[in-house]
Amino acid sequence: QVQLVESGGGLVQPGGSLRVSCAASGNVFRFNAMGWYRQAPGKQRELVGSISKDGRTNLADSVKGRFTISRDNAKNTMYLQMNSLKPEDTAVYYCNRINSPSWNWGQGTQVTVSS
């Protein structure tokens, strides 16, 4: 089973930037489309955006123009660059593959946007 480890979260002021990472174990990462998800307190987990095996991305309207997804298949790692952060971006951020069944969810990384 693939293990997913998210990292890089923290506290940032509105308008600031942050990059979070997702590291996957094993050797199947490169064969899978991946997604970034987030879950805010009291809300359901939502898909922030996705990246295909060869790097094509799709982003939710709420983050389009502010967030960028990239991946390094040689490092089994995916990134989420977040710019112009807003308080409503506050959430725990998770990664997983897009196709079902999902891999086991990691612990996520907390992103808090506050002054």
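The values are calculated or read from the model by the stated rules, or taken from the named source; none is laboratory data. None of the values given here were measured: they were computed from a predicted structure. Note that each Cβ is placed from the backbone with ideal geometry, even for glycine, and that neighbours are counted across all protein chains shown. Side chains are part of the model used for accessible areas, which takes the heavy atoms of the whole protein and leaves out ligands, DNA and RNA. Shrake-Rupley method; radii C 1.70, N 1.55, O 1.52, S 1.80 Å.
A few comments on the model shown:
- Options 86, 53; residue that is in contact with a helix residue (DSSP H, G or I) (Cβ under 9 Å, 6 or more places away or on another chain), charged (D, E, K, R) and more than 17 Å from residue 106 (Cα to Cα): 53
- Some residue of segment 35-53 being at negative phi, buried (at least 20 other Cβ atoms within 10 Å of the Cβ), among the hydrophobic types (A, V, I, L, M, F, W, C) and more than 12 Å from the chain's Cα centre (by Cα): no
- Elements of type strands (runs of 3 or more DSSP E) in segment 43-115, at least 1 residues being under 30 Å from residue 27 (Cα atoms) and in contact with a Lys or Arg (Cβ under 6 Å, 6 or more places away or on another chain): 46-51, 77-82, 91-97
- Yes/no for residue 112 being over 17 Å from residue 4 (Cα atoms) and surrounded by 14 or more Cβ atoms within 10 Å (Cβ to Cβ): yes
- Hey, residue 14 touching a helix residue (DSSP H, G or I) at 6+ places or on another chain (Cβ under 9 Å), open to solvent by 40 Å² or more (accessible area, probe 1.4 Å) and closer than 18 Å to residue 114 by Cα or not: yes
- The set of residues in segment 70-115 that are of a type in the set (Ser, Thr, Tyr) and in contact (Cβ under 8 Å) with a residue 24 or more places away in the chain comprises 77, 79, 84, 90, 93, 94, 109, 112, 114, 115.
- Candidate set: segment 17-34, residues that are open to solvent by 60 Å² or more (accessible area, probe 1.4 Å) and either part of a strand (DSSP E or B) or of a type outside the set (D, E, K, R) (or both); chosen: the one nearest to residue 92 (Cα to Cα): 19
- Of everything listed in (1) without any contact (Cβ under 8 Å) to a residue 24 or more places away in the chain; (2) in contact with a strand residue (DSSP E or B) (Cβ under 7 Å, 6 or more places away or on another chain), the single unmet condition for residue 21 is (1).
- Residue, farthest from the chain's Cα centre (by Cα), within segment 61-98, restricted to residues that are of a type in the set (A, V, I, L, M) and open to solvent by 30 Å² or more (accessible area, probe 1.4 Å): 74
- Condition broken by residue 101, with the remaining ones in (1) in contact with a Cys (Cβ under 9 Å, 6 or more places away or on another chain); (2) open to solvent by 40 Å² or more (accessible area, probe 1.4 Å) satisfied: (1)
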